[in-house]
Structures are given as C-alpha cells and as structure tokens.
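Input: a single structure, listed below in structure tokens.
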Amino acid sequence: MVSIDYFIPALSMASLATSLAVIILLAEHFLMDYGEVELQVNDKTFKVKGGSTVLGTLKQEKIFLPSACGGRATCAYCKVKAVTGFGDILPTEAPLLTKEEVSQNIRLACQIKVKNNCAVTIPEELFSIKEFTARLDSVEYLTYDIKHFKFKLLSPSEIDFKAGQYVQFQSPPYGEVSESVYRAYSMSGRADARDVIELMVRLVPEGICTTYMFNHLKVGHEVSLTGPYGDFFLRDTDRKMVCIAGGSGMAPIRSILSGMTTGDIEKRRPVFLFGARARRDLFLLSEWAEFEAKHPGFRFIPALSGQEPGDDWSGETGRITDVIAKYVPDGRDFEAYLCGSPGMLNACVDVLRNLGVNEERIFYDKFG
C-alpha cells in the first residue's frame, strides 16, 4: 500500500499552481485597468473599455461573431484577422489554427484581449447579424431527450435567413449559474416563416444552456437570440442530394427540405438518411411519411444501430455509414448535406468521398 505521504508533495504543488492561477486572474480583473482604448473593426473605430476579449467587446458594440461553444475555445468559429495590437498566439488558440491561418494572423476572438489600441478585420456580412427578442410560444418533447421549441419574434419582428443556418441562444443566469452563456442551434423551420424561430435541442447532461431550456424556460418567457449565422444552406444546382443526420442534427435538414419546391425535389431526388440508436430515438416519422407521400422523388431512410427489446424494427440497421452505399452507389453526381456529431460526420465524409462525392460538394454543420 502506498503511503499518503507520497501524494502530499504533488497535492501541495497542484494546490499552489491553482492558487497562483486564481490570484493572477483576480489581479488582472481588479488591478489591471486598461482604461479606454480604440478598437478598429474594418473601417469602423470604437472607443471601448480595455480588458475584455475581442469577442466580448464586439458583443458590447452589437457586433455578433459566431461562437458555437460560447467562448470556450473549442469551436473555432470566432476567427478574426488580427491587424495590429495583439501578442503571440496563445496555447489555447494554436490547436485550432492552420499554418496558413497563422501566417495570415488569424486569431480566435474569444481568446485575444483588447488591452491597447488594436485592429481586427471580420467578414462584412457579420455586421448584418442582429439581436432578437423572442417569446416562447410552444415546446414539446420529440424524444426523451430532444425538445422542439417555437419562438415568436418580438423585436425585430422578422428574421431573414437561409434554410440551414443557425442562431445563438442566450441563457440567462439561473440557480448557481452566475452569468449568461451563448450556444448555437440550427433553425428547423421554413425560411419563409420569418416571424418565428424553431429549434430542436438535445439535452446535454450538465450543459448550462440545455439545462436552462429543459428545466427553467417556460411558455411565455422572453429570450434573446442572435443570428443568422453559417454557410450551411442549399446550393442552387441540379445535382442529386443525400442528406445525413442524427439526433437534433435533423433540424437544418428539415429546414432545407421543407423549403424546397416540388419541382426541385423531383429534379434533385433527395434521400434523407437518419441515424439513431434505438426506436425511442426516432421522431417526426409521420411528418416524413407525409412528406414522402406528397413528394414521390423524396425518400426518408431511418437506420437503427442498436435496437432495444420490443423495438419491432424492420427497417435499415447498423451505423448510418453502413447504409450510405445502398442509396448512393455512385456519388459522382451527388451533393451531400450533413449535420451531427464530429465523429459521425468525419466517418460519413470518408464514406462519401470513397463513393465518388467531390469533397467540395459535401456541406455540413458539425456540433461537438
């Protein structure tokens, strides 16, 4: 048996390191007063209080960058070009930047701070991102861990988005959560229904935002969202379509397909492959059956990878990657639209590429 005395030095060092890190953060927060500085964004200059991240500072100026992870340096969506005023690349940024991006001074806005006069460049379209106030009008369970939320827009009263894009939902402080956080969710409704936003949200165990939405958000509550974001939308071509999703990844695919005209569906003949573990993870089956009946050129193919007793399933089985080749035997004339977990999407991209789908015609939203 190892004596507890063996662990005391290591525990002491860990405690000391943690204490020093906390002291440094507190010192920067309370003692480092950077005063008012200038932040230039493209051709616009803002006088701002120094000390916050570029992401947070821009948000104060009503410029909303995409940030699916809420500023935790995991999604890499908030990239900006650092023109001047920032130091070396941080260890938290390095794994998320390519060599080409490093050479172009691309940085993560959630990690670099505005401490002095500085300048960044962002895509011009981000200036059109808006902040919306909306009221929750309805909510229902789709599965045991996925809910469908329908919000009525109050101010502004309409959103102009492309089917497949996403919004960032702000969850306010609640319980022991002391600050607001943003999380990204794809819109699942039709793009021509501009006065509402529909979201399909899967409960993440101990997730700050999804816990709020599942346990605290009630019909009638008002919320804040920003958007629209993203370049995941239907391309205007004549190619056949294969759509692949799992879980709440159905959201943008539903938005894209429901907005297609009958003529486009007959021409492009989309097939939607939906992966689930067991029958209890399937949802909206009757809606997709009605869509098939209305549009003979469309097919919805659910597949179960791990049936449970009593599932009584006669459809496709196996992982969704095992099913693709059956419906896309020759991918050279296909476009692919995917949404799901990084692991699933990486595997699907490999399969599609091997089937002949040009990688430039594989479009996806990847959620971690």
Loop sites in region 29-113: trypsin sites (Lys or Arg not before Pro), DSSP, at most 13 other Cβ within 10 Å: 62, 72
Under 14 Å Cα to Cα from residue 147, which aspartates and glutamates show up? Leave out anything in the same chain fewer than 8 places away. 137, 198, 281
If you take all C-alpha pairs in region 67-208, what percent of them are over 26 Å apart? 38
Longer than 21 Å from Cα to Cα, which of 79/152; 49/99; 150/294; 79/113; 62/218 are they? Say none if no pair is. 79/152; 49/99; 150/294; 62/218
Among rounded, prolate and oblate, which fits the chain when a ≥ b ≥ c are the square roots of the eigenvalues of its C-alpha gyration tensor, a/c under 1.5 means rounded, and a/b larger than b/c means prolate? prolate
Please enumerate, by chain and number, the aspartates and glutamates with C-alpha under 12 Å from the C-alpha of residue 44, excluding those fewer than 8 residues away in the same chain. 61, 124
Trypsin sites (Lys or Arg not before Pro) in region 200-285 lying in a DSSP loop, each with at most 14 other Cβ atoms within 10 Å of its Cβ, come to 218, 235
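List the chymotrypsin sites (Phe, Trp or Tyr not before Pro) within region 316-366 that fall in a DSSP loop (any state other than H, G, I, E or B) and whose Cβ has at most 11 other Cβ atoms within 10 Å.
For chymotrypsin sites (Phe, Trp or Tyr not before Pro) across region 316-366 that sit outside H, G, I, E and B with at most 11 neighbouring Cβ atoms in 10 Å, the list is empty.
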According to the Cβ-distance criterion of 4.7 Å, cysteines of the chain with no possible disulfide partner are 78, 110, 118, 209, 243, 339, 348
Between region 200-237 and region 272-326, the Cα center-to-center distance that results, in Å: 24
Output wanted: per-residue J couplings in Hz (rounded whole) for region 348-356, from phi through Karplus 6.51 cos²θ - 1.76 cosθ + 1.60, θ = phi - 60°, x for Gly and Pro. 5, 4, 4, 5, 4, 4, 5, 8, x
Non-local residues with an amide H under 5 Å from the amide H of residue 243, with H modelled 1.01 Å from N and Pro and chain starts lacking one, are 271, 272, 273, 337
Return a whole-number percent for the relative contact order of the chain, with Cα pairs under 8 Å and 6 or more residues apart as the contact set. 12
Just to be sure I understand: of the beta bridges DSSP finds with both ends in the chain, what percent are antiparallel, rounded to 5? 65
Loop sites only, by DSSP: take the GluC sites (Glu not before Pro) in the chain that have at most 14 other C-beta atoms within 10 Å and name the longest stretch containing none of them. 207-368
At 222 nm, what value in deg cm²/dmol follows for the chain if DSSP H runs of at least 4 each add -39500 (n - 2.57) and the sum is divided by all its residues, to the nearest 500? -7000 deg cm²/dmol
Quick check: convex hull over the Cα atoms of region 240-366, volume per residue in Å³, rounded to an integer? 98
Mean separation of Cα contacts under 8 Å (at least 6 apart) over the residue count of region 129-229, i.e. the relative contact order in percent, is 39
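Since every read-out is calculated from the coordinates, none of them should be taken as a lab result. What you see is a predicted model, and the numbers here were worked out from it, not measured in a lab. Positions of Cβ are generated from backbone atoms using ideal geometry, with glycine treated the same way; all protein chains shown enter the neighbour counts.
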